[in-house]
1. Checking Leu118 against (1) in contact (Cβ under 8 Å) with a residue 60 or more places away in the chain; (2) surrounded by 15 or more Cβ atoms within 10 Å (Cβ to Cβ): exactly one of these is not met. Which one?
2. Within the group Ala117, Ala94, Ala138, Ala107, which residue is in a helix (DSSP H, G or I), at pLDDT 95 or above and aliphatic (A, V, I, L, M)?
3. Right, Leu6: in a helix (DSSP H, G or I), touching a helix residue (DSSP H, G or I) at 6+ places or on another chain (Cβ under 8 Å) and crowded, with 16+ Cβ neighbours inside 10 Å or not?
4. Which of the residues belonging to the stretch 161-180 are polar (S, T, N, Q) and either at pLDDT 90 or above or surrounded by fewer than 12 Cβ atoms within 10 Å (Cβ to Cβ) (or both)?
5. Within the stretch 47-80, which residues are in a helix (DSSP H, G or I), modelled with pLDDT of 90 or more and either over 16 Å from the mean Cα position of the chain (by Cα) or not aromatic (Phe, Trp, Tyr) (or both)?
6. What number goes with the only condition from (1) touching a helix residue (DSSP H, G or I) at 6+ places or on another chain (Cβ under 6 Å); (2) touching a residue at least 24 places away in the same chain (Cβ under 8 Å); (3) closer than 28 Å to Leu88 by Cα that Ile109 does not pass?
7. Given the conditions (1) under 30 Å from Val149 (Cα atoms); (2) at pLDDT 95 or above; (3) over 14 Å from the mean Cα position of the chain (by Cα), which single one is not true for Ile100?
Amino acid sequence: MRVALLGGSFDPPHLAHVQVLKYLLDSGRFDQVWVLPSPQNPLKPASTDFEARLEMCRLAFEGIAGNIHVLEDEGSLSGYTIDLIRHLKQHHPAAEFTFIVGSDLAAEIPRWKESSALQSLIAFEFLPRPPQPGSPFAAISATEIRDRVKKGLPIADLVPRSIESYLRHHRLYQDVAHED
């Protein structure tokens, strides 16, 4: 089984993430895509707790296709990619994993814990992110979404409808001045 692993903060998940998932499945190179929200990024803390981001990933992604799975394995681990990959390889020895990363993170990988060991354990695929030439993905950033919510601006063209509803219902990213 060929599995693409898509990790990240997903704070919040947005339509560019949906595009990436569809792109990976449509490529025909993967049997499944596993989405792995990070409980904590040692290099960039999330503003929303893990459980909320996990639930948002389920809402945003699991209805796209039956071969997209949102896993919470990483929630019980350290937050380091090397520990996640070792865990997955131990529990799924027959799977052929590819770690999907935005091209903007390529230069950061040497800073990751045990990066040499990590790169020998798993293949990496770097997807071009806007504004990089040739990127087929929308230029959407989670930071922009959080800022727009905080300012009370619309986000319907940036996130799946289920995420817009979740953010509104749970009042995530809202500034006190905009709470009515």
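1. Leu118 satisfies all of (1) in contact (Cβ under 8 Å) with a residue 60 or more places away in the chain; (2) surrounded by 15 or more Cβ atoms within 10 Å (Cβ to Cβ) except (1).
2. Matching residue, one of Ala117, Ala94, Ala138, Ala107: Ala117.
3. So Leu6 fails the test.
4. Once the filter is applied, which keeps residues that are polar (S, T, N, Q) and either at pLDDT 90 or above or surrounded by fewer than 12 Cβ atoms within 10 Å (Cβ to Cβ) (or both), the stretch 161-180 yields Ser162, Ser165.
5. Glu51, Ala52, Arg53, Leu54, Glu55, Met56, Cys57, Arg58, Leu59, Ala60 - these are the residues of the stretch 47-80 that are in a helix (DSSP H, G or I), modelled with pLDDT of 90 or more and either over 16 Å from the mean Cα position of the chain (by Cα) or not aromatic (Phe, Trp, Tyr) (or both).
6. (2)
7. (3)
Residue by residue, here is whether (1) over 27 Å from Ser141 (Cα atoms); (2) of a type outside the set (A, V, I, L, M, F, W, C); (3) crowded, with 18+ Cβ neighbours inside 10 Å; (4) in contact with a Pro (Cβ under 6 Å, 6 or more places away or on another chain) holds:
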| site | (1), (2), (3), (4) |
| --- | --- |
| His87 | yes, yes, no, no |
| Ala95 | yes, no, no, no |
| Leu105 | no, no, no, no |
| Arg111 | no, yes, no, no |
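The values are calculated or read from the model by the stated rules, or taken from the named source; none is laboratory data. Keep in mind it's a predicted model, so treat the numbers as computed, not measured. Cβ: placed from backbone, ideal geometry, glycine included. Neighbour counts: every protein chain shown.
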